Amino acid sequence: MTVLDEIGRSRYVSLTTYRRNGTPVATPVWHVRDGAELFVVTEVATGKVKRIRNNSRVVVTVCDFRGHTAPDAPSAEGTARLLDDAGTQAARTLLARKYLMSRLGNWLTGILHIPRRPLVGIAVTF
């Protein structure tokens, strides 16, 4: 099994982005693998989106839901890019297939007409 396979099969990954001064910032996220790319969806106003706009280099490491990584956790360096609206919707659909809580959240916001902050998809290529 390759590192990409192990990352794709995990429930959570730590997405490490880099500030302008080079300081790494790790964030645990839901993800889904499609081919050679890994997709994440987040709000547009998050720090990781701002950091990716400045520096597309990222590191993805398998972690638990709190972001703790084991010393021997699979890790890979990649290049991130922000997706357009169609790509973001496709990534949301893929995530909803993998995560029940994503489906429930999407369903509840639709039923209850809860306003949602704008979302953007992130594609990581290894």
| query | Which whole-number percent gives the relative contact order of the chain, counting Cα pairs below 8 Å spaced six or more residues apart? | reply | 31
| Got a sec to turn the phi values of region 78-84 into Karplus ³J(HN,Hα) couplings, 6.51 cos²θ - 1.76 cosθ + 1.60 with θ = phi - 60°, whole Hz, x for Gly and Pro? | x, 10, 9, 9, 8, 8, 6
| said: Using each residue's phi in region 64-70, evaluate 6.51 cos²θ - 1.76 cosθ + 1.60 at θ = phi - 60° and report the 3J(HN,Hα) Karplus result to the nearest Hz, with x for Gly and Pro. | reply: 8, 5, 9, x, 6, 10, 7
| Just from its helices, what would the mean residue ellipticity at 222 nm be for the chain, if runs of 4 or more DSSP H residues each count -39500 (n - 2.57) and the sum is divided by every residue, rounded to the nearest 500 deg cm²/dmol? | -9500 deg cm²/dmol
| note | Given 37-49, 83-95, the highest-first ranking by average Cβ count within 10 Å works out to 37-49, 83-95
| Once amide H atoms are placed 1.01 Å from N in the peptide plane, what residues at a sequence separation of 5 or more from C63, or on another chain, have their amide H within under 5 Å of its amide H? | Y12, V13, S14
| Under a Cβ-Cβ cut-off of 10 Å, what is the net charge of the residues other than A73 that fall near it, where Lys and Arg count +1 and Asp and Glu count -1? | -3
| said: What value in Å³ per residue do you get for the convex hull of the alpha-carbon atoms in region 45-102? | reply: 124
| request: Compute the long axis of helix 100-111 from its Cα atoms, compare it with the longest principal axis of the Cα atoms of the chain, and write down the angle in degrees, 0 to 90, nearest 10. | output: 30
| Debye intensity ratio I(q)/I(0), log10, the chain, q values 0.10, 0.20, 0.22 Å⁻¹ (C-alpha model) | -0.30, -1.18, -1.39
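Just so you know, all these numbers are worked out from the coordinates, no wet-lab data involved. Small disclaimer: the values here were computed from a predicted structure and weren't measured. Positions of Cβ are backbone-derived with ideal geometry, glycine not excepted, and every protein chain shown enters the neighbour counts.
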